[in-house]
Amino acid sequence: MNEIIQKVTAEIIQRSAKSRALYLERIAKARGHGVNRNKLGCSNLAHAMAPMEENEKTSLAGMQSPNIAIVTAYNDMLSAHEPYKLYPTLIKRTLMDIGATAQVAGGVPAMCDGVTQSQPGMELSLFSRDNIAMGAAIGLSHNVYDGALYLGVCDKIVPGLVIGALAFGHLPGLFVPAGPMPSGISNAQKAKVRQDFAQGKVSEDSLLKVESASYHSSGTCTFYGTANSNQMLLEMMGLQLPNSSFVNTNTPLREALTAHAAKTILSMTDLSGTYKPIAKIISEKSFVNAIVGLMATGGSTNHTIHIIAMARAAGIILNWDDFDAISKVTPLLCKMYPNGQADVNHFREAGGMSVVISQLLDAGLVHNDVETIVGKGLDAYIIEPSLSGGNLSFKEGHKTSRDQSVVSSIKDPFSKEGGLKLLKGNLGRSVIKTSALKPEQFIIEAEAIVFESQESLQTAFKQGELEKDFIAVVRYQGPKANGMPELHGLMPPLGVLQDKGFKVAIITDGRMSGASGKVPSAIHLTPEALDGGMLAKVRTGDTIRFDAQKGEILLLVDKEELNSRSIEVPDLSENRHGFGRELFVSVRQSIGLAEEGASLFDVSGKERA
């Protein structure tokens, strides 16, 4: 094993000792023996099985066979989740054929950030993660289940489901993907038309045609943003079937994998003789493997928040220093949009997760002594699913890439370091996605231009006020201020300015899209402006030094001058109502710091006071 990976893992284990022990103690107390529904009274059980068919009722009443929960994030507005409408029926039929039952325990919200980008509803996006966790817990609280299948793909949905699953860590848990849509137009073409539209060069009708040619069917969007980073993480953590994440939706292989997932969860229940709850699978090493995978693939910056929140749900305490240390020793092995022009379909064709995991194991960068849903060790994930005569089989997967322009190797990586870095300085702590940056973009020293919203920056751009080198300070975008929305609307105008030759960068206490990365962006800055962070004292005209090589963000203003400056909080009342935002006022008041996962929950799984 790599010495730094070992060192970081040991530090996490030591840091988490008390909270992890408390979590495992609580999970052990929650475990039953036999079927969990044997604790219910007759009236309770009658309610639980009232809508079922007679053969299903007989199975449940017999107390001899497992009953599996389905927690689904289905809706037919979100393309990645629309295929889930057929999954419960397929899962129930598969299990009933082998003497078990399944029930939809509950549905959870599933926002599409692609729909809400730059809209008021985006301010609920981050909060939806913890709402999803609570929704999953409510569904599972009926205590009639012996395992759970989690149906979710996209941005906040998978992290929320993982948090909910870990709260019920005594249950076996398995995640079931829906798969990506086929490839549409190239990402380069899409990005160019977006920038042309920002400059007024193309009409809205033309833009819509291009966007619709990219997002064109059921299935996950094909760029490597947060949704597909989620899928990668689930395989790195051993919670999803091997090399199954990027099999296209609505195909025979996809259906066969879903049926196989249903059968696999049965082999993990207490009745199987090989009881394997999700709390036994997930460990400190699982999360280290997840972070390594994030760095090696150039994954989403959103996971510098979500991985921390998920880990805390299992009593494991991570911080951005862990991410930074791991990134420095993890080569970048993949080039997928926004870090390149390939998409996840090209990634799968190149060998996909089988190649990535094989390369990382050979280099000693991931722990192989971990549990997974299919057995001990990540080497169980170096396989390829296929159909032959209608039968699903897993054969040895590719260990080297079939397309070096998409997936490289440890010996010849796209970069010697991973795609994310920690930035520190008198402005606070922040993260930056570096995998899509050019060398000349790593260091910028320029005057600050302060904005209190992304809309005000867009207005300044349209009025021609930004034709120069500058660092945009976009503040009061943190979790407590307005829910920490993704500021995706900043990318087209700043990309235009960058293409014109101006040196531009962003510093914000907000988030960027998981598909962003072209413009140097110091994001998730903590403490946020509304919490009294130094970002609140920056003035337009101040000089900022932005050095992604050294990992520094420095406000070059005398300490005495900074101490004399007062903080004037802008009117944020418009973020407090409309589009359901008034229902989340208490959430904003209770939310934690970005580096602590921006979560409502502490490491013991309780709500914050």
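Coordinate-derived values only; no laboratory data. Source: prediction; values computed, not measured. Because the Cβ atoms are built from the backbone with ideal geometry, glycine has one as well, and the counts that use them run over all protein chains shown.
A few remarks follow.
- Rounded to the nearest 500, the helix-only mean residue ellipticity at 222 nm of the chain stands at -10500 deg cm²/dmol, with each DSSP H run of n ≥ 4 adding -39,500 (n - 2.57).
- Legend: ranking of residues Leu392, Leu294 from fewest to most surrounding C-beta atoms inside 10 Å; resulting order Leu392, Leu294.
- Only Lys, Arg, Asp and Glu carry charge here, each on its Cβ (+1 for the first two, -1 for the last two); on that basis region 347-452 has a dipole of about 80 debye about its Cα centre.
- Extension gain (nm, one decimal) between Lys376 and Thr400, 0.36 nm per residue minus Cα-Cα: 6.4 nm
- Sparsely packed loop sites in region 525-609 (the trypsin sites (Lys or Arg not before Pro) outside DSSP H, G, I, E and B with at most 15 other Cβ atoms within 10 Å) comprise Arg539, Lys550, Arg565, Arg576, Lys606, Arg608.
- Here the scattering of region 421-572 is modelled by Debye summation over its C-alpha atoms, one equal scatterer each and no solvent; at q = 0.12, 0.15, 0.16, 0.21 Å⁻¹ the log10 of I(q)/I(0) is -0.43, -0.69, -0.80, -1.48.
- Segment Thr274-Val585, extension gain: residue separation times 0.36 nm, minus the distance between their alpha carbons: 107.5 nm
- Ellipsoid semi-axes in whole angstrom, largest first, where each is sqrt(5λ) of the Cα gyration tensor of the chain: 40, 26, 24
- Note: relative contact order over the chain, using C-alpha pairs below 8 Å and six or more positions apart, is 15 percent.
- Segment Asp571-Gln64, length gained on full extension (0.36 nm per residue, minus Cα span): 176.5 nm
- Rounded, prolate or oblate (a/c below 1.5 giving rounded, otherwise prolate when a/b exceeds b/c) for region 222-308 by Cα gyration tensor: oblate
- Take the Cα of Ile185, step 7 Å toward its Cβ, do the same at Asp531, and the gap between the two points is 4.1 nm.
- Magnitude of the charge dipole, the chain, Cβ model with Lys/Arg +1 and Asp/Glu -1, debye to 20: 980
- At an R0 of 35 angstrom, the distance between the Cβ atoms of Glu467 and Asp321 translates into a FRET efficiency of 0.35.
- Take the chain and mark each of the GluC sites (Glu not before Pro) that is in a DSSP loop with at most 12 other Cβ atoms within 10 Å; the longest unmarked stretch, sites excluded, is 54-464.
- Pairwise FRET efficiency - Asn426 versus Lys328, Cβ, R0 = 25 Å, nearest 0.05: 0.65
- Summed residue charge, Cβ within 12 Å of Ile383's Cβ, Lys/Arg positive, Asp/Glu negative: -2
- Dipole-positive endmost among Gly152, Gln589, Gly377 within the chain (Cβ charges, Cα centre): Gly377
- Remark: the Cα gyration tensor places region 1-117 in the oblate category, a/c being 1.5 or greater and a/b not exceeding b/c.
- Positive-end residue of Ile544, Pro479, Val519, charge dipole of region 421-572 with Cβ unit charges: Val519
- Placing unit charges on the Cβ atoms only, positive for Lys and Arg and negative for Asp and Glu, gives region 103-245 a dipole magnitude near 260 debye about its Cα centre.
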